[in-house]
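K.L.:
Following this message is one structure expressed as structure tokens.
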Amino acid sequence: MQSLRTLNIVGCGKVGMTLGKLWSEAGVLAVARIMNRSMASATEAAAFMGAGTAVASIAELRPADIWLIGTPDDEIETSCGALAAAGLFAPGNLVFHCSGALPSTILHAAASAGAVTASAHPIRSFADPAQVAASFGNTYFGIEGEPSAAAALSEAVAAIGAIAVPIKPDFKTVYHAAAVFASNYLVTLLDTAQQAYIKAGIPEDTALQLMMPLVRGTVDNVFRLGPTDALTGPIARGDIITAVRQYRAVNAWDERYGALYKQFGKLTADIAARRRKSS
Ligand SMILES: NC(=O)c1ccc[n+]([C@@H]2O[C@H](COP(=O)([O-])OP(=O)(O)OC[C@H]3O[C@@H](n4cnc5c(N)ncnc54)[C@H](OP(=O)(O)O)[C@@H]3O)[C@@H](O)[C@H]2O)c1
């Protein structure tokens, strides 16, 4: 029987230990050595995974087929450089990180040693590793890198029930910004709406409550119909005079919100044009 490919995890925190546990329990990869900043946390990670040997230093690491560098983002490049300088990477090894913000090319020290490199970014929060591990199915991963590395990682994440989505390496930062639009800026947008209701004299709590059916209904429609068909309102109807009047009123109240309204208006007109073209 072919033996399992071995996985070393350098930086085995929330993400590293969750993936290590899932791969180990599913018999996809054999977790070998684990190194953190502190031996205590590496030992805890090994206990969580029920696999792997915690080590205290680079000198105690041994060769492995696959290396996950799961340190915080700012440490990935230096950690990779230190492992390469110690001669730990062999040609054909797969070295990857899980950052959504950084490209796989920051693993250049591993690539110079003949390893193939990639990044596999899980699109979810790992605040509670046990809870994430228990509900991992259908977790999306944005994957980019050297084609054979990206393919091997896609297979490995699929083997634990996740869904691999290839992304263009040159647009990794744009990919990461997408989550900021979908999550953080959505909050900013809803705050802006609440401020507008408050400006019109509605109490803060009531403003939030009355927005709820509007927001939930819109979000449901976006996921049911897609953004183009979910669009309603003055711009979708071509009611430009209303839109201009609203812009002027908002801008007179606060120029920052006015600028936002204008920019959203242009992008919303694009969506409306797209709909007219497709209908
Ligand atoms: N958390 C999330 O929700 C999430 C989601 C998607 C992607 N990611 C990405 O996943 C990666 C890991 O994030 P995380 O949340 O798992 O981080 P984390 O829980 O903070 O764990 C990082 C681990 O790295 C270790 N470490 C730090 N510096 C090190 C070094 N120089 N050498 C060896 N080990 C070192 C730490 O050791 P100690 O325990 O000893 O301090 C810790 O165990 C990051 O690239 C992050 O962007 C995170």
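K.L.:
Within the stretch 148-155, can one find any residue that is in contact with a helix residue (DSSP H, G or I) (Cβ under 8 Å, 6 or more places away or on another chain) and closer than 30 Å to W23 by Cα?
P.N.:
Yes: one or more hits.
K.L.:
Criterion first (more than 8 Å from the ligand (Cβ to nearest atom) and within 19 Å of the chain's Cα centre (by Cα)) does D65 satisfy it? Spell out the reasoning first.
P.N.:
Working: more than 8 Å from the ligand (Cβ to nearest atom): yes; within 19 Å of the chain's Cα centre (by Cα): no.
The answer is no for D65.
K.L.:
Note down all Cβ pairs under 7 Å where the first residue falls in the stretch 109-127 and is surrounded by 18 or more Cβ atoms within 10 Å (Cβ to Cβ), the second is of a type in the set (D, E), and they're at least six residues apart or on different chains.
P.N.:
Within 7 Å, the pairs are V116/E146; T117/E146; A118/E144; A118/E146; S119/E144.
K.L.:
Can you confirm whether the stretch 119-133 contains a residue that is in a helix (DSSP H, G or I) and acidic (D, E)? I'd like the intermediate steps shown before the answer.
P.N.:
Here is the first cut: in the stretch 119-133, the residues in a helix (DSSP H, G or I) are 129-133.
The next check asks that each one be acidic (D, E); those that pass are none.
No: zero hits.
K.L.:
Still on this structure, I have one more. Could you give every pair whose Cβ atoms fall below 8 Å, whose first residue belongs to the stretch 182-211 and is without any contact (Cβ under 8 Å) to a residue 12 or more places away in the chain, and whose second residue is acidic (D, E) and surrounded by fewer than 14 Cβ atoms within 10 Å (Cβ to Cβ), counting only separations of at least 6 or pairs across chains?
P.N.:
I198/E204
K.L.:
Let me ask something else. Quick check: anything in the stretch 134-144 charged (D, E, K, R) and part of a strand (DSSP E or B)?
P.N.:
As a first pass, look at the stretch 134-144 and keep what is charged (D, E, K, R): 144.
Narrowing further to those that are part of a strand (DSSP E or B): 144.
Yes, some residue in the stretch 134-144 is charged (D, E, K, R) and part of a strand (DSSP E or B).
K.L.:
Which of the residues belonging to the stretch 222-278 are assigned to a helix (DSSP H, G or I), of a type in the set (V, I, T) and exposed (fewer than 15 other Cβ atoms within 10 Å of the Cβ)? Don't jump to the end; show me each part of the working.
P.N.:
Going through the stretch 222-278, the residues assigned to a helix (DSSP H, G or I) turn out to be 222-225, 227-230, 234-237, 240-253, 255-278.
Going one step further and asking which of them are of a type in the set (V, I, T), we end up with 222, 228, 235, 240-242, 244, 250, 268, 271.
Scanning the stretch 222-278 gives V222, I240, I241, T242, V244.
Matching residues to (1) closer than 19 Å to A182 by Cα; (2) out of contact with any helix residue (DSSP H, G or I) (no Cβ under 6 Å at 6 or more places or on another chain); (3) in the same structural domain as A182 (by TED's automatic domain parsing):
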site	(1), (2), (3)
T206	no, yes, yes
A259	no, yes, yes
T268	yes, no, yes
A272	no, no, yes
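K.L.:
Can P166 be described as surrounded by 11 or more Cβ atoms within 10 Å (Cβ to Cβ) and either assigned by TED's automatic domain parsing to the domain that holds E25 or within 30 Å of P122 (Cα to Cα) (or both)? Step through it out loud before you land on a result.
P.N.:
Working: surrounded by 11 or more Cβ atoms within 10 Å (Cβ to Cβ): yes; either assigned by TED's automatic domain parsing to the domain that holds E25 or within 30 Å of P122 (Cα to Cα) (or both): yes.
Here the answer is yes, as P166 does meet what is asked.
K.L.:
A further question follows. Quick check on the stretch 72-107: of everything there that is near the ligand (Cβ under 10 Å from one of its atoms), polar (S, T, N, Q) and in contact with a strand residue (DSSP E or B) (Cβ under 7 Å, 6 or more places away or on another chain), which residue is farthest from A152 (Cα to Cα)?
P.N.:
The qualifying residue farthest from A152 (Cα to Cα) is S79.
The values are calculated or read from the model by the stated rules, or taken from the named source; none is laboratory data. Everything numeric here is computed off the predicted structure, so don't read it as measured data. Positions of Cβ are backbone-derived with ideal geometry, glycine not excepted, and every protein chain shown enters the neighbour counts.
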